Amino acid sequence: MHELGAGMAVAAALVLAAVVASRVGARFGVPALLLFLGVGMLAGSDGPGGIAFDDARLAQDVGVIALALILFAGGLSTDWGAARSQAGRALGLATAGVVVTAAVAGVAAAWALDLPIEVGLLLGAVVASTDAAAVFAELRSRALHLRGGLDHLLELESGGNDPMAVFLTVALLTVITEPDRSVVGLLPTLLVEVAVGAAVGLVVAAAAVRGLNRLRHSQEGLFPVVTVAVAVGTYGTAVVLHGSGFLAVYVAGLAIGRRDFLHRRSVLRFHDGMAWLAQIAMFLVLGLLVFPSELPDVVGPGLLVAAALILVARPLAAAVTLLPTGLPLRDTVLVAWVGLRGAVPIVLATFPLVEGIPEAALLFDAVFFVVLASVLVQGTTIGVVARALGVESPTPPPPPPPIEAVGAIGDDTELHEVVVGPGSPAAGRRLVDLGLPAGALVVLVRRDGRYVVPTGATDLRAGDAALVLADPAALARLHELLAGAPREAPRPGPP
């Protein structure tokens with residue numbers, strides 16, 4: 001009992017130390033993920049904490065569970081309506097871009113670390129994918145608003161490129177441990193994993209939304225419980241069916257996030273907190289697994305690999321996959337720079353440790369050093385590079401409404417936002433004089449980035465966004481009245 005209590009106290013202290021470190025680091029522009037790793041390293045056997053930990057399998061399991069929760073939360077909070085235009089580019093960068101990155105970084109690693117080419121390519125595959133946790137955290141914590149949907153492109157890519165990196169890592173490990181096998185011969189496995197993973201994610205999402213909307217309103221506390229079970233269960237089901245668990249859980253998050261369901265905002269807030277907790281736990285464990293005293297041996301070669309990855313491999317992958325799509329050069333350069341590495345490469349670096357290949361320890365130390373370099377160099381300069389390239393959006397997105405849209409309210413009444421158009425008959429008139437249709441209620445008005453509670457005497461202006469409760473028939477009339485253009489009555493929301 002005393003050991004359990006001591007363990008709980010130490011775990012709580014480490015989490016709180018990571019949170020405090022992240023808040024202090026934010027003032028100086030230091031990425032939170034770097035500080036989480038630092039806390040783990042200080043608590044480890046080489047640091048003042050003296051916690052002995054060398055269980056690569058346990059670290060891998062913790063990393064997989066944490067990544068599943070992080071990817072699910074990232075999918076939930078992604079605005080698919082705004083992001084779908086970038087899906088094709090993200091797909092190219094998450095597939096062909098990962099292969100190009102792995103090849104270039106792998107050749108550089110084989111030369112810098114004096115490794116056999118297949119082992120060098122294994123290291124290249126491990127560091128080939130950007131990290132969803134790092135990208136989500138850096139873009140959102142720094143409140144960067146990028147033009148042309150670049151933030152959506154980066155988030156979709158980081159959430160979708162893990163299957164290719166996992167496949168390349170496993171395939172090259174198979175080739176190293178079973179020389180009679182070939183990567184090309186394993187390609188059908190990749191196709192099956194992607195297809196099964198996407199299918200599982202979509203099916204689970206459809207069932208989850210229907211189930212969430214059938215729960216009683218009084219059971220609000222159960223909604224996050226259900227969605228956590230959905231996230232973990234989606235990953236597990238996909239893996240059991242020989243699909244990509246990471247892809248499945250991200251697709252499930254995207255599909256659920258684009259639908260209306262009860263207590264949506266409270267669920268999103270819960271998963272945002274869960275994602276932060278998962279990131280802290282994952283980086284603390286991975287930091288504990290590292291022995292800082294061994295890192296000086298890989299500083300020189302690690303710098304060469306990191307430079308090849310940041311300055312050659314990632315830019316080449318971005319140029320090959322994005323420039324042919326018509327993405328402007330400045331935007332492509334920004335995407336190339338935001339190639340943040342984080343927990344995914346470190347988790348993948350535990351695969352060789354678990355398999356026990358001779359170069360596993362060297363690979364892990366090198367990968368860890370490359371991740372540190374990426375987060376330190378790229379993570380601290382994203383804002384500077386975005387401003388230098390002129391790709392920041394001049395108008396940040398509007399704040400979310402301070403009340404929750406919970407889907408259908410009673411019957412077919414829903415919460416909608418209607419923008420007052422420049423030619424609207426409502427512009428310059430008071431709400432009380434508009435003759436709003438029965439079944440419609442203006443709840444809030446967003447003006448100049450702020451929400452105000454309207455009264456009958458409130459004058460509407462062109463550009464105002466009215467948050468209204470309305471049934472389909474009333475909503476169609478409201479669009480004529482407020483937006484100045486008719487709109488077909490929408491179908492009712494999910495049951």
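For region 45-73, residues that are under 16 Å from A238 (Cα atoms) and crowded, with 19+ Cβ neighbours inside 10 Å total 5.
With respect to (1) modelled with pLDDT of 90 or more; (2) crowded, with 23+ Cβ neighbours inside 10 Å; (3) under 20 Å from V251 (Cβ atoms), the lone exception for L123 is condition (3). T234 meets each of the listed conditions (1) farther than 20 Å from F36 by Cα; (2) free of Cβ contacts under 8 Å to residues at least 60 places away in the same chain apart from (2). Filtering region 240-252 to residues that are part of a helix (DSSP H, G or I) and either of a type in the set (A, V, I, L, M) or at pLDDT 90 or above (or both) leaves V240, L247, A248, V249, V251, A252.
Taken together, the criteria place V204 among residues that are modelled with pLDDT of 90 or more, open to solvent by 20 Å² or more (accessible area, probe 1.4 Å) and in contact with a helix residue (DSSP H, G or I) (Cβ under 6 Å, 6 or more places away or on another chain).
More than 20 Å from V375 (Cβ to Cβ), at pLDDT 75 or above and either hydrophobic (A, V, I, L, M, F, W, C) or over 23 Å from the mean Cα position of the chain (by Cα) (or both), is that true of A12? Yes; evaluated as a whole, the condition is true for this residue. Take the residues in region 241-273 that are hydroxyl-bearing (S, T, Y) and either touching a strand residue (DSSP E or B) at 6+ places or on another chain (Cβ under 6 Å) or farther than 13 Å from V230 by Cα (or both); name whichever of them is surrounded by the most Cβ atoms within 10 Å (Cβ to Cβ). So the residue we want is S244. Regarding D471, is this residue acidic (D, E) and within 37 Å of the chain's Cα centre (by Cα)? Spelling it out, D471 is indeed acidic (D, E) and within 37 Å of the chain's Cα centre (by Cα). Would you mind stating whether P315 is more than 24 Å from M8 (Cβ to Cβ), without any contact (Cβ under 8 Å) to a residue 12 or more places away in the chain and either surrounded by fewer than 24 Cβ atoms within 10 Å (Cβ to Cβ) or of a type outside the set (A, V, I, L, M) (or both)? When the stated conditions are applied, P315 does not pass them. Test G300 against the stated conditions and say whether it is open to solvent by less than 50 Å² (accessible area, probe 1.4 Å) and more than 15 Å from V371 (Cβ to Cβ). Here the answer is yes, as G300 does meet what is asked. Just a yes or no: is a residue in region 322-337 within 18 Å of V370 (Cβ to Cβ) and either buried (at least 17 other Cβ atoms within 10 Å of the Cβ) or modelled with pLDDT of 90 or more (or both)? Yes, the conditions are met somewhere in region 322-337. Within region 74-85, the residues that satisfy the criterion of being part of a helix (DSSP H, G or I) and either open to solvent by less than 10 Å² (accessible area, probe 1.4 Å) or touching a strand residue (DSSP E or B) at 6+ places or on another chain (Cβ under 6 Å) (or both) are G74, G75, L76, A83. Just to be sure before I move on: is T237 open to solvent by less than 50 Å² (accessible area, probe 1.4 Å), assigned to a helix (DSSP H, G or I) and polar (S, T, N, Q) in the structure I sent? Answer is no for this residue.
Does L288 satisfy the criteria of being more than 23 Å from the chain's Cα centre (by Cα) and modelled with pLDDT of 90 or more? No.
The residues in region 443-477 that are under 20 Å from G421 (Cβ atoms), open to solvent by 50 Å² or more (accessible area, probe 1.4 Å) and among the aliphatic types (A, V, I, L, M) can be counted, and the count is 2.
The values are calculated or read from the model by the stated rules, or taken from the named source; none is laboratory data. Only a predicted model underlies this, so the values are computations on that prediction, with no experimental measurement involved. In this analysis, Cβ positions are derived from the backbone assuming ideal geometry, glycine residues included, and neighbour counts consider all displayed protein chains. For the accessible areas, the whole protein counts, side chains as well, though only heavy atoms, and no ligand, DNA or RNA atoms are used. Shrake-Rupley method; radii C 1.70, N 1.55, O 1.52, S 1.80 Å.
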